[in-house]
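Worksheet for the structure shown next.
The values are calculated or read from the model by the stated rules, or taken from the named source; none is laboratory data. Everything quoted here is computed from the prediction, not taken from an experiment. Every residue, glycine as well, gets a Cβ built from its backbone with ideal geometry; the counts of neighbours run over all protein chains shown. Calculation scope for accessible area: heavy atoms of the full protein, side chains included, ligands and nucleic acids excluded. Shrake-Rupley method; radii C 1.70, N 1.55, O 1.52, S 1.80 Å.
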Amino acid sequence: MTALSTERYQAAASRYLSGSIQVVHTLVQNTPGVLPADLCEQALHTLTLALAEPALWPEALRLLVALAPRLEQAGLREEWMAHLEHGAQLAHALEDVAAEAACILHLAFLHQLRGSLDTARTLLADLLARLAEGDEPRIQAAALNRLAYVAHLQGQYAEAAQLADKARALLGEDALGELAQNHFVRGVLACTARQWQAAEQHFAAALHLWEQSGGAQPRMVAWSLLNLGTALRGLKRPDEAGACYEQAIALLTELGDPVHAALARLNLGNLYLDRQAPLPALACYQEAEPVFRRVG
């Protein structure tokens with residue numbers, strides 16, 4: 001094969017791979033709920049090839065960022081970490097701050113889900129240190145919100161509140177998603193402090209903002225409903241709490257999030273016990289128990 005024919009072959013292969021990236025990106029964007037296994041496999045294969053082709057790195061990064069929450073939701077966590085680490089390195093080399101931050105935020109979230117809270121904290125703190133040199137307030141707020149949640153999980157409640165305050169100060173009223181996340185974190189902190197009225201207000205605000213943001217985060221809508229139910233239970237409003245739990249269970253089941261659906265069933269069971277209704281409570285627990293056993 002001559003040098004010219006080799007060059008033409010490589011150009012044709014690059015065009016074909018670029019087209020494949022676009023096809024997979026469109027499929028991912030247009031597939032609701034949990035991605036089917038065959039699409040996950042196709043997406044990972046395409047992404048692996050794209051990340052090995054320097055000319056296609058920008059397109060590969062867009063696909064990676066789009067895939068990140070979807071593959072985590074599909075349960076591909078360990079496999080996905082290496083891709084996120086690679087993507088963060090490529091984005092840094094390309095000086096694509098937004099893509100690098102998105103990779104690190106998702107990577108920190110995966111470590112949080114695994115219980116590796118110190119690693120998640122380090123990733124987020126390092127990201128914030130780098131962002132301090134630039135003018136990226138919305139990305140800074142995203143990192144602060146997530147670091148606040150990690151601090152909460154570590155029992156550092158005063159620090160978590162301070163981080164949430166810093167995040168809120170950086171956000172304009174048009175940053176619906178991060179404003180919702182900020183209310184969500186504040187609601188969790190209020191629940192921990194048993195400040196049920198404040199918790200209700202924050203979770204209701206988060207729910208409203210997630211819904212306003214165009215349905216891009218249906219799982220966060222469901223998580224907000226779940227936590228709003230807990231706040232309403234604390235306020236002794238069982239009918240409203242039960243309605244929130246039921247809505248959360250339906251939405252989480254539809255979205256393919258069995259762990260949080262089981263958590264919602266556990267909370268609904270506790271609510272039935274509050275109302276001296278042990279048989280419905282037992283039914284909820286029986287549905288939740290196999291999921292908790294499966295995921296440990």
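Considering the conditions (1) open to solvent by 20 Å² or more (accessible area, probe 1.4 Å); (2) under 16 Å from Ala142 (Cα atoms); (3) over 16 Å from the mean Cα position of the chain (by Cα), Ala175 is excluded by exactly one of them, (1). Tell me, please, whether a residue that is charged (D, E, K, R), on the phi < 0 side of the Ramachandran plot and more than 25 Å from the chain's Cα centre (by Cα) can be found in the stretch 249-259. No; the residues of the stretch 249-259 include none that is charged (D, E, K, R), on the phi < 0 side of the Ramachandran plot and more than 25 Å from the chain's Cα centre (by Cα). Return yes or no: is Ala142 assigned to a helix (DSSP H, G or I) and open to solvent by 30 Å² or more (accessible area, probe 1.4 Å)? Taking the combined requirement at face value, the residue does not satisfy it. Scan the stretch 162-172 and tell me whether some residue there is in a helix (DSSP H, G or I), open to solvent by 20 Å² or more (accessible area, probe 1.4 Å) and within 24 Å of Leu71 (Cβ to Cβ). The answer is no; no qualifying residue exists. Return the residues of the stretch 194-221 that are open to solvent by 20 Å² or more (accessible area, probe 1.4 Å) and modelled with pLDDT of 95 or more; say none if nothing qualifies. Arg194, Gln195, Trp196, Gln197, Ala198, Glu200, Gln201, His202, Ala204, Ala205, listed by residue number. The set of residues in the stretch 250-262 that are crowded, with 21+ Cβ neighbours inside 10 Å, out of contact with any Leu (no Cβ under 7 Å at 6 or more places or on another chain) and assigned to a helix (DSSP H, G or I) comprises Leu252, Ala262. Exactly one residue out of Leu49, Leu61, Leu90 is over 17 Å from the mean Cα position of the chain (by Cα), surrounded by fewer than 19 Cβ atoms within 10 Å (Cβ to Cβ) and of a type in the set (A, V, I, L, M, F, W, C), and it is Leu49. The condition of being within 30 Å of Ala52 (Cβ to Cβ) and in a helix (DSSP H, G or I) holds for only one of Ala120, Ala151, that being Ala120. Pairs are defined by a Cβ separation below 6 Å, a sequence spacing of at least 6 or placement on different chains, a first member in the stretch 114-138 that is within 21 Å of Met81 (Cα to Cα) and open to solvent by 50 Å² or more (accessible area, probe 1.4 Å), and a second member that is modelled with pLDDT under 95 and part of a helix (DSSP H, G or I); the pairs so defined are Thr119/His111. State yes or no: is Val291 assigned to a helix (DSSP H, G or I) and within 17 Å of the chain's Cα centre (by Cα)? No.
Taking (1) in contact (Cβ under 8 Å) with a residue 40 or more places away in the chain; (2) open to solvent by 60 Å² or more (accessible area, probe 1.4 Å); (3) of a type outside the set (S, T, N, Q); (4) under 24 Å from Glu136 (Cβ atoms) in turn, Glu95 satisfies each apart from (1).
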